[in-house]
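Asks: Mind looking over this structure? Questions follow.
The values are calculated or read from the model by the stated rules, or taken from the named source; none is laboratory data. Given the structure is predicted, the values throughout are model-derived calculations rather than measurements. For neighbour counting, all protein chains shown are included, and Cβ atoms are generated from backbone atoms with ideal geometry for every residue, glycine included. What goes into the accessible areas is simple: the full protein's heavy atoms, side chains included, and nothing from ligands, DNA or RNA. Shrake-Rupley method; radii C 1.70, N 1.55, O 1.52, S 1.80 Å.
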Amino acid sequence: MQFVITGAAGMLGQDLTAAARGAGHDVLAFARAELDIADATAVTAAIRGTGADVVVNCAAWTDVDGAERDEEGALSVNGTGAGNVARAAAACNAWTLHISSDYVFDGAKRSPYVESDAVGPVSSYGRSKLAGEREVAAEAPERHTIVRSSWLFGAGGPCFPATILRLAAERDELNVVDDQIGCPTFTGHLAQALVELATRPAPPVGSVHVAGGGSCSWYEFAREIVAVSGVSCEVRPCTTAEMPRPATRPAYSVLRSECDAPVLPDWQRGLAEYMALTRAVSAR
């Protein structure tokens, strides 16, 4: 198959490019520096004539707090940009695989969110991701899959484990919020699932949830990161109110699927693979 990947220099984009090529597929990978998805003309020109079977949109505005300061900027990428990619893919009769977020939910639920649950974002970032879902569905109504995932981390870019490891090496103790619950998702695992979805004879139309197995709070995640790293640092729980941020985060955003979605390994296994990768890089 011919894959076209936008946002290919990002954390997920790098892993997806490697996973698709590792499975024997042809890949045309566009980094943001090569293709700004907010530029509709550029997107159409880049995708036209590629012979794409599937276009995977990994490009996104990921600065959650920055979106509160510049909602228009976030919407131009996560909303309009997502639509530009889907429109260009549809014009080539390619399937659109679009990456979305748990932040389209309000976090008021206390059992896992499934695909049929009502959306209700509580931040500019969440609203921009929901806008992107709607743009994709409108531009490629019969040929799209929206993959909602959460709390991504990987070896190819800045992420929560990298931040915790850096801070733990600098400090004797860390305070981390314990009242936000979600599913940490290793991008290496998600990338394999995306390849599997894209290569199905009939990919699912609409939204599917694909996130790391299990769930935890940011505090529990940080505590496990420090524990497996062997760094001496005390991790203490605190509340969101004690560490306010510009953007509201869902208090609970665990994702599970009621559809035929790929099932990922538990987040602890993802963390173990992440640690192995980063140690290998450090040892070079």
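Asks: Using only the heavy atoms of the protein chains and a 1.4 Å probe, how would LEU255, LEU277 rank by accessible area, largest first?
Replies: Largest accessible area first, the residues go LEU277, LEU255.
Asks: Give me the 1.4 Å probe accessible area per residue for segment 159-199, excluding ligands and nucleic acids, in Å².
Replies: Per residue, segment 159-199 has an accessible area of 37 Å².
Asks: Which whole-number percent is the relative contact order of the chain (Cα, under 8 Å, 6+ apart)?
Replies: Dividing the mean separation by the residue count of the chain yields 21 percent.
Asks: Now a separate question. Explain nothing, just compute: Karplus ³J(HN,Hα) = 6.51 cos²θ - 1.76 cosθ + 1.60, θ = phi - 60°, for every residue of segment 64-72 in order, whole Hz, x for Gly and Pro.
Replies: 3J(HN,Hα) across segment 64-72, in whole Hz: 4, 6, x, 5, 5, 7, 9, 5, 4.
Asks: Quick check: pseudo-label points 7 Å beyond the Cα along Cα→Cβ at GLU173 and ASP26, how many nm apart are they?
Replies: 5.9 nm
Asks: Right, next: Given Cα pairs under 8 Å that are at least 6 residues apart, what percent is the relative contact order of segment 38-98?
Replies: Numbers: 68 pairs, mean separation 33.5, N = 61.
About 55 percent, as a whole number.
Asks: In addition: For n ≥ 4 DSSP H runs only, could you compute -39500 (n - 2.57) per run for the chain, divide by its residues and tell me the 222 nm figure to the nearest 500?
Replies: Rounded to the nearest 500, it is -11500 deg cm²/dmol.
Asks: Does a label point 7 Å from the Cα of GLU72, set along Cα-to-beta-carbon, have any residues of segment 119-146 with amide nitrogen under 14 Å, and which are they?
Replies: Counting only backbone N, you get no residues.
Asks: Based on DSSP, what percent of beta bridges with both residues in the chain are antiparallel, to the nearest 5?
Replies: 5 percent
Asks: Over the chain, what percent of the accessible surface lies on carbon and sulfur atoms, probe 1.4 Å?
Replies: Working: 6080 of 12180 Å².
Solvent-exposed carbon and sulfur of the chain make up 50 percent of the total.
Asks: Can you give me the angle between helix 124-139 and the longest principal axis of the chain, using Cα atoms only, in degrees from 0 to 90, rounded to the nearest 10?
Replies: 20 degrees
Asks: Please work out the C-alpha center-to-center distance from segment 121-158 to segment 48-63 and express it in whole Å.
Replies: Cα centroid to Cα centroid, the span is 12 Å.
Asks: Quick one: grab the alpha carbon gyration tensor of segment 47-188, order the square roots of its eigenvalues as a ≥ b ≥ c, and give me rounded if a/c is under 1.5, else prolate or oblate depending on whether a/b is larger than b/c.
Replies: The shape class here is prolate.
Asks: Taking the Cα atoms of segment 1-108 alone, what are Rg (to one decimal) and Dmax (as a whole number) in Å?
Replies: My reading of the Cα-based Rg and Dmax gives 13.9, 45 Å.
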